[in-house]
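Down below is the structure, laid out as structure tokens.
The values are calculated or read from the model by the stated rules, or taken from the named source; none is laboratory data. Keep in mind it's a predicted model, so treat the numbers as computed, not measured. Note that we place each Cβ from the backbone using ideal geometry, even for glycine, and neighbour counts take in every protein chain shown. Side chains included, ligands, DNA and RNA excluded: accessible areas come from the protein's heavy atoms. Shrake-Rupley method; radii C 1.70, N 1.55, O 1.52, S 1.80 Å.
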Amino acid sequence: MGNLLGSWRFKEPSTVEECDSTWGSDSENDDPAAEDDSGISDSVSPAESDWAAGDSGDTPPQLTESPESVPKMKRSFYAARDLYKYRHSYPNYRKSRQPNEYRNLRFYLNKIPLVPDGIYIEEILTKWRGDYDKLEHNHTYIQWLFPLREQGLNFYAHELTQEEIKEFQSTREAKRRFLAAYSLMLDFYGIKLLDKSGNVARAPNWQERFQHLNESQHNYLRITRILKSLGELGYEAFKAPLARLFLEESLCHNTIPNMKHSVLEYYVYTIRLPATRRRLLRYARQHYRPAHAFLWGPPKRGGGGVGGSGGAGSSGIRAPAPTPEQQRRGEESTTSICASSRIIVSSHDAMTCQDLAGGGLKGCAGLGSSMAGLEGALMMAGARGERNEYNEVVPL
């Protein structure tokens, strides 16, 4: 039965609400200190200090659109599902049958060049810094600098594996170069890395670079990839300070206004800890204009769900989809139920019976009282499945 359960696929969420567990354990009276696990706080940031000191010019114009003049928006299900899969470590990921060559690690050890350009990591780190034209117009290096467990635009780049991630995180030389690559890209965006905790601030050339970033929106996809890669390679804590800075710049200072929806729809949701996402979204809600158009929670009690969508239950909040871990916890009890009722179901038949169950058991005669156990089993996920079909290019 264990092999049978292992062959099932994780039942993926089908709505934005099921993808988003941010507010599932929310309390408006959360203790801020208890949630401050991200290295961010409500104190004045370097960017805010610069603004207060007057080095940023005149106060940016405030948005004054009326509710009637603002087009109605809704959250992207494709973004929500992509980031749900990422945060839950790609539950339907299918391990490659190809031998693990650790090509990402070898690239970071300067043993092989990136393909197809034939450039080594040391050349990028030493000669490309400040060469903003090259960083802007070359589109093959980003998948090598920031590898993921999903395919990007450069099909010569190799996806990360769990084994390679462990090796990478234990290799000092690779980690040193990875942080140097992160610093390189931050400089390209007009940001400087302040310390080993991931805190960031405006770089001296921030005005020029922010203007470019506001106009060059393909870089928003790159930043999503960078944030994901930080989490894969052991730098999860670096995400929140960068997301916080982008929220300040796009919502408060209006220096990168075109970025605000990418920050809220993508960058914040790369962060795995719900408490940290809540802190960032509460901060964003205070500064978002027009305020009534804020889609990212917290959900109204007794009203619509997150993003204005209706949900199940008296609270108007649809329960998030069970995580792979929660489903694994139920494996033992479900196994005993199925074993006692002597039901044997293949992965294909499981999907068929699931459809039949939704149709009132037509064609499923004989299951009888065992249906409850079967339905529970149908909700379980195998540890392996097909690879995430969404690469880094998702609608922004």
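Length available on full extension from S197 to H292: 0.36 nm per residue minus the Cα-Cα distance, which gives 30.7 nm. Expressed as a whole percent, the accessible surface of region 129-261 that belongs to carbon and sulfur atoms is 48, based on a 1.4 Å probe. For T255, T276, the ranking by accessible surface with the largest value first comes to T255, T276, using a 1.4 Å probe. Using R0 = 22 Å, the C-beta based FRET efficiency linking Y156 and H218 works out to 0.70.
Which values, in whole Å and largest first, are the semi-axes of the equivalent ellipsoid of region 195-254 obtained as the square root of 5 times each eigenvalue of the Cα gyration tensor? Please list the in-between numbers first.
On the way: eigenvalues 84, 41, 21 Å².
Equivalent ellipsoid semi-axes, largest first: 21, 14, 10 Å.
Can you give the extra length, in nm with one decimal, that the chain gains between E122 and K74 once fully stretched, where that is 0.36 nm per residue apart less the Cα-Cα distance? Can you show the working numbers first?
Numbers: separation 48, 0.36 × 48 = 17.28 nm, distance 4.32 nm.
Gain on stretching E122 to K74: 13.0 nm.
Distances between placed amide hydrogens fall under 5 Å for I191 paired with A203, all partners being 5 or more residues away or on another chain.
Give me the extension gain from K166 to N205: residue separation times 0.36 nm, minus the current Cα-Cα distance, reported in nm with one decimal. Before the final figure, lay out the partial values.
Values: separation 39, 0.36 × 39 = 14.04 nm, distance 3.63 nm.
So the chain would gain 10.4 nm between K166 and N205.
Pairs exceeding a 21 Å alpha-carbon distance, out of K127/K175; K95/K228; K74/K300; K196/K228; K95/K166: none at all.
Karplus-derived 3J(HN,Hα) values for region 100-115, using 6.51 cos²θ - 1.76 cosθ + 1.60 with θ = phi - 60°, are 6, 9, 6, 5, 5, 5, 5, 4, 6, 8, 6, 9, 9, x, 6, 10 Hz; glycine and proline are entered as x.
Sorting check: for 122-131, 278-287, 236-245, which peptide has the highest mean count of neighbouring beta carbons within 10 Å, and how do the rest follow?
Taking the mean over residues of other Cβ atoms within 10 Å, the ranking is 236-245, 278-287, 122-131.
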